[in-house]
Amino acid sequence: MPLKVALLPGDGIGPEVTAEAARLLTRVADLYGHPVQFSSHAIGGEAIERHGRPLPEETLAACLDADAVLLGAVGHPRYEGRPPAERPEAGLLALRQALGGFANLRPALCHPSLVDRTPFRADRVQGADILIVRELLGGLYFGEPRGFSSPDTAFNTLVYSRSEVERIARVAFDLARGRRRRVASADKANVLETSRLWRTVVTEVARDYPDVALEHVYIDTCAMRLATAPASFDVILADNLFGDILSDQAASVAGSLGVLPSASIGGQVDLYEPVHGSAPDIAGQGLANPIGAIASAAMLLRLTGGRPHEADVLERAIETALAAGARTRDLAAPGERILSTREMGEAIEHALVDIHDHQHAYHAV
Ligand code: NAD
C-alpha cells in the first residue's frame, strides 16, 4: 500500500522547502521500493487568493483522507491588517484542530558539523540530541473559564485531567524506547496543583516502562539546564505552556531555525511541518534551508510510515551532506560556498543514494 501524503506547500518559502522534502521522499520510496503517493493542496494565503478562505473544504477533506500531512508554512505580511479568522494562520490553526494531534514533537539536534553555528561553547553543546514532547490540546491555552472580568483584570484556567496526562506521557515513554531511554518530565509541582497531578500520573505511567529512566525536573531548573548542559537531556515531557517555551529554547542547540522539524501526532491524521514560518524576506530567491522540511519528512517515514530504517537513512543523509560542507545561507560561515534550496536538496539526495548503494553493496557481498 502506498503511503498517502497530502502536501500543503503554503506561502513564502513553503513551496520551495516542501518541493525538496517531496523530492527526498520520492527518492527514498524509489530506492527502497515502498511507494509514496502525493496530492498537493492550497492552504494559507495561497488558499485565500484561489478559494477565498485559508482552509478550503477540499484541502481539509484531502488531509483527512491521507495517512499524513506535510506542510510548508503559512503567512504573509499582506494579510496582517485583517481580522484573525481571515488570515493565513487561521487555516493552519483550523487544520491542527481538525487533525486532532495532541502530541507535539520537536526534536532539537546539534549536528556535529554545525557546533560553531550555535551560541554555545562546543564542549557544552556537543552531543545534544533532545526531543521535546509537548501536550498540545489542553492546559492553559484552552482552559475555561477565561477572559476579562473587568478592563483591568484578566484570568485563564490551567486544567488537566488524568487521561490527558496519561496519553501524552505514554507518547514520551514510547519514543524514549527508540532513543536513549530517558524521560525528564518538566513541571512546577512545588506550586501548581495541576503539576502535582501531572507528576503523580507520569510516575504511574513510568511503572509500565521499567527500561526507561524517569526524572522529574522543575520547569525553572529545566530551562537553566537547557541553557548550561543541553546534552544532559534525552526526551523532555511537558505540558502545553511549558513545552511551548522549552521547545523554542531547546532549538538553540541546532544552530538555525531552518533545520528544525516537528510533528503533531495522536489524532486522526499526523501532521509534519518545519518549525520555521514562511520567511517572506527570503521567499522566491532559493535561499531557504530545506532541512527542516526534509527532517520532518524523515519523522513522517518513522512515525506514520512505520519505515524506521528509511527514516534513519534520510537523517544520515542530512548529516552526511552537512559534514561534507553543504551550507545554505543561514548556515554558511563567511567565505563558505552557499547552496540554493534546490542544491541543498540535491546534496542530501546524493548522500542518500550513496548510503543506500553502500548498504546494498555490503549486503550483496
Ligand atoms: P520566520 O520563521 O518565517 O522567519 C524568521 C527568520 O528566520 C527570517 O529572517 C527568515 O528569513 C529566517 N528563516 C526562516 N526559515 C528559514 C529557512 N528555512 N531557511 C533560512 N532562513 C529561514 O518567522 P517570522 O518572520 O516571524 O514570520 C513570517 C511569517 O510566517 C508570518 O506571517 C508568520 O505569521 C508566519 N509563521 C508561520 C508559521 C507556520 O506556518 N508554522 C510559523 C511561524 C511564523
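The values are calculated or read from the model by the stated rules, or taken from the named source; none is laboratory data. For clarity, every value in this text was computed on a predicted model and none was experimentally measured. Cβ atoms come from the backbone with ideal geometry, glycine included; neighbour counts cover every protein chain shown. In case anyone asks, the SASA skips ligands and DNA or RNA and just uses the protein heavy atoms, side chains included. Shrake-Rupley method; radii C 1.70, N 1.55, O 1.52, S 1.80 Å.
Of everything in segment 2-50, what is more than 16 Å from the ligand (Cβ to nearest atom) and either part of a loop (DSSP other than H, G, I, E, B) or in contact with an Asp or Glu (Cβ under 6 Å, 6 or more places away or on another chain) (or both)? Give them in sequence order.
Scanning segment 2-50 gives 2, 3, 4, 27, 28, 32, 33, 34, 35.
Can you pull out every residue in segment 116-164 that is among the charged types (D, E, K, R) and open to solvent by 80 Å² or more (accessible area, probe 1.4 Å)?
Matches in segment 116-164: 116, 121, 123, 124, 144, 146, 152, 162.
Being surrounded by fewer than 21 Cβ atoms within 10 Å (Cβ to Cβ) and under 14 Å from residue 107 (Cβ atoms) is the filter here; which residues of segment 316-327 pass it?
Within segment 316-327, just 319 meets the criteria.
Between a residue in segment 100-111 that is in the same structural domain as residue 312 (by TED's automatic domain parsing) and hydroxyl-bearing (Ser, Thr, Tyr) and any residue that is assigned to a strand (DSSP E or B) and open to solvent by 20 Å² or more (accessible area, probe 1.4 Å), which pairs come within a Cβ distance under 9 Å, given they are 6 or more apart or on different chains?
none
If you check residue 288 against the conditions, is it in contact (Cβ under 8 Å) with a residue 40 or more places away in the chain, within 15 Å of the ligand (Cβ to nearest atom) and within 23 Å of residue 31 (Cα to Cα)?
Here the answer is no, as residue 288 does not meet what is asked.
List every residue pair whose Cβ atoms lie under 6 Å apart, where the two residues are 6 or more positions apart in sequence or sit on different chains, the first residue falls within segment 65-80 and is under 18 Å from residue 294 (Cβ atoms), and the second residue, located anywhere, is open to solvent by 10 Å² or more (accessible area, probe 1.4 Å) and more than 7 Å from the ligand (Cβ to nearest atom).
Once the first residue is under 18 Å from residue 294 (Cβ atoms) and sits in segment 65-80, its partners that are open to solvent by 10 Å² or more (accessible area, probe 1.4 Å) and more than 7 Å from the ligand (Cβ to nearest atom) give 68/270; 68/304; 70/7; 72/9.
So residue 93 ticks every box in (1) surrounded by 21 or more Cβ atoms within 10 Å (Cβ to Cβ); (2) within 17 Å of the chain's Cα centre (by Cα); (3) of a type outside the set (D, E, K, R) but one. Which box is left unticked?
(1)
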